[in-house]
Amino acid sequence: QVQLVESGGGLVQPGGSPRLSCAASLRNFRLYAIGWYRQAPGKQRELVAAISSGGSTNYADSVKGRFTISRDNAKNTVYLQMNSLKPGDTAVYYCNIKVGMVDYWGQGTQVTVSS
């Protein structure tokens with residue numbers, strides 16, 4: 001059973017720079033790509049950033065230059081460094097891993113950008 005646990009969300013002022021963490025209980029974590037998604041109220045869940053097993057990254061256009069995804073395979077953890085936050089970044093943020101044909105999701109962490 002794969003478990004993903006996100007942390008690091010909360011209420012953040014515009015321009016803030018929180019870092020989200022996703023800790024995974026998964027053997028051979030280093031072999032898997034991990035994605036960060038977000039879902040704002042009334043909107044579909046969207047991919048924010050992803051990192052491959054080899055460390056290649058890709059980002060949604062809306063966060064390019066502001067967010068950075070990274071991984072620490074020794075800690076089975078993926079991070080999402082978010083900078084220059086805007087109210088439009090308010091959402092529940094989820095991490096995702098696909099193992100075989102199965103998608104696993106964490107419980108999500110709420111990020112609210114407001115003054």
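Taking 0.36 nm per residue of sequence separation and removing the Cα-Cα distance, the residue 47/residue 3 pair yields an extension gain of 13.9 nm. What is the percent carbon and sulfur in the accessible area of the chain, measuring with a 1.4 Å probe over the protein chains and ignoring ligands? Ligands and nucleic acids excluded, carbon and sulfur give 47 percent. The Rg/Rh ratio of the chain, with both radii computed over alpha carbons and Rh defined as the Kirkwood radius, is 0.95. Our coupling estimate for region 90-105, obtained by passing each phi through the Karplus curve with A = 6.51, B = -1.76, C = 1.60 and θ = phi - 60°, is 4, 4, 8, 9, 10, 9, 9, 9, 10, 10, x, 9, 10, 8, 10, 10 Hz, Gly and Pro reported as x.
May I ask for the Kirkwood hydrodynamic radius of region 1-63, worked out over all distinct Cα pairs and given in angstroms to one decimal? Intermediate results must be reported in sequence, preceding the final value.
Values: mean 1/r = 0.0736 Å⁻¹.
One decimal place: 13.6 Å for the Kirkwood radius.
For a quick check of your reading of the filter: which trypsin sites (Lys or Arg not before Pro) in region 1-32 sit in a DSSP loop and have no more than 16 other Cβ atoms within 10 Å? Listed in order of number, the matching sites are 27. Given R0 = 25 Å, the distance between the Cβ atoms of residue 28 and residue 66 translates into a calculated FRET efficiency of 0.20.
Work out how much length residue 102 to residue 17 would gain on full extension: take 0.36 nm times their residue separation and subtract the Cα-Cα distance, in nm to one decimal. Spell out each step's value before the answer.
Numbers: separation 85, 0.36 × 85 = 30.60 nm, distance 3.21 nm.
Full extension of this stretch gives 27.4 nm more.
Within the listed set 102, 92, 12, the Gaussian network model of the chain (springs between alpha-carbon atoms below 10 Å) gives the highest mean-square fluctuation for 102. Return the whole-Å distance between the Cα centroid of region 1-63 and the Cα centroid of region 91-115. For region 1-63 versus region 91-115, the Cα centre distance is 6 Å. Each residue of region 108-115 is assigned a 3J(HN,Hα), and the resulting list reads x, 9, 7, 10, 10, 9, 7, 9 Hz, derived from the Karplus form 6.51 cos²θ - 1.76 cosθ + 1.60 (θ = phi - 60°), x at Gly and Pro.
The values are calculated or read from the model by the stated rules, or taken from the named source; none is laboratory data. Bear in mind that the values here come from a model prediction, so they are computed numbers and not experimental data. Cβ sites come from the backbone with ideal geometry, for glycine too, and all protein chains shown count toward neighbours. Accessible surface is based on the protein model in full, side chains and every heavy atom, while ligands, DNA and RNA are left aside. Shrake-Rupley method; radii C 1.70, N 1.55, O 1.52, S 1.80 Å.
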